[in-house]
1. Would a scan of segment 3-11 turn up a residue that is in a helix (DSSP H, G or I), in contact with a strand residue (DSSP E or B) (Cβ under 6 Å, 6 or more places away or on another chain), of a type in the set (A, V, I, L, M, F, W, C) and surrounded by fewer than 18 Cβ atoms within 10 Å (Cβ to Cβ)?
2. Can you name every one of the strands (runs of 3 or more DSSP E) wholly within segment 45-121 that holds 2 or more residues which are touching a residue at least 24 places away in the same chain (Cβ under 8 Å)?
3. How many residues, within segment 29-53, are out of contact with any helix residue (DSSP H, G or I) (no Cβ under 9 Å at 6 or more places or on another chain), among the acidic types (Asp, Glu) and more than 20 Å from residue 68 (Cβ to Cβ)?
4. Within segment 22-30, is even one residue in contact (Cβ under 8 Å) with a residue 40 or more places away in the chain and either more than 22 Å from residue 114 (Cα to Cα) or part of a loop (DSSP other than H, G, I, E, B) (or both)?
5. Every residue in segment 28-56 that is buried (at least 19 other Cβ atoms within 10 Å of the Cβ) and not hydroxyl-bearing (Ser, Thr, Tyr), please.
6. How many of the residues making up segment 82-119 are at pLDDT 90 or above and of a type in the set (A, V, I, L, M, F, W, C)?
Amino acid sequence: MANPTLLEKHPLLVHLAAEQLQRVTRAGEIESYNPGEPIVVDGSLGDALFLILSGQVAVHRGAQTFATLGGGEFFGEMSLVEPAPRSASVTAMSATFLFRLPHDALRTLLSEDPLSASVSMV
């Protein structure tokens with residue numbers, strides 16, 4: 001289980017009530033990556049949303065970088081609709097901490113508490 005205090009400041013979660021934040025925290029996990037380490041690979045199954053807690057990542061396909069994202073941003077949001085192959089790779093550019101929220105866990109959260117979707121993520 002992730003630490004709620006690490007998540008409560010993320011822009012997508014900041015408006016959640018304490019009990020909603022605790023449910024989200026239990027549904028996902030914090031992952032850490034070193035510079036140059038791949039986080040997701042183009043073509044792999046996209047089955048989770050990633051919230052960037054700290055650090056910086058590059059979104060790329062091959063040698064072409066499409067975006068650089070940092071703390072407070074997110075990627076993998078297409079997996080909220082339905083798990084599908086990733087359209088790009090994401091690699092850590094610095095020491096990076098992410099909160100990974102699996103698609104199935106998010107669907108369960110939303111079915112249990114539909115109001116949390118209107119307040120925060122979707």
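The values are calculated or read from the model by the stated rules, or taken from the named source; none is laboratory data. Owing to the predicted nature of the structure, the values given are computational and were not obtained by experimental measurement. Every residue, glycine among them, receives a Cβ derived from its backbone with ideal geometry; neighbour counts consider all protein chains shown.
1. yes
2. On the way: elements: 48-54, 56-61, 64-70, 89-92, 96-102.
Fully inside segment 45-121 and qualifying: 48-54, 56-61, 89-92, 96-102.
3. Qualifying residue count, segment 29-53: 1.
4. Start the filter on segment 22-30 by keeping residues that are in contact (Cβ under 8 Å) with a residue 40 or more places away in the chain, which leaves 23-24, 27-30.
Pick out the ones that are also either more than 22 Å from residue 114 (Cα to Cα) or part of a loop (DSSP other than H, G, I, E, B) (or both) and you get 28, 30.
Yes - at least one qualifying residue is present in segment 22-30.
5. Here is the first cut: in segment 28-56, the residues buried (at least 19 other Cβ atoms within 10 Å of the Cβ) are 28, 33, 39-40, 46, 48-53, 55.
Within segment 28-56, 28, 39, 40, 46, 48, 49, 50, 51, 52, 53, 55 meet the criteria.
6. 9
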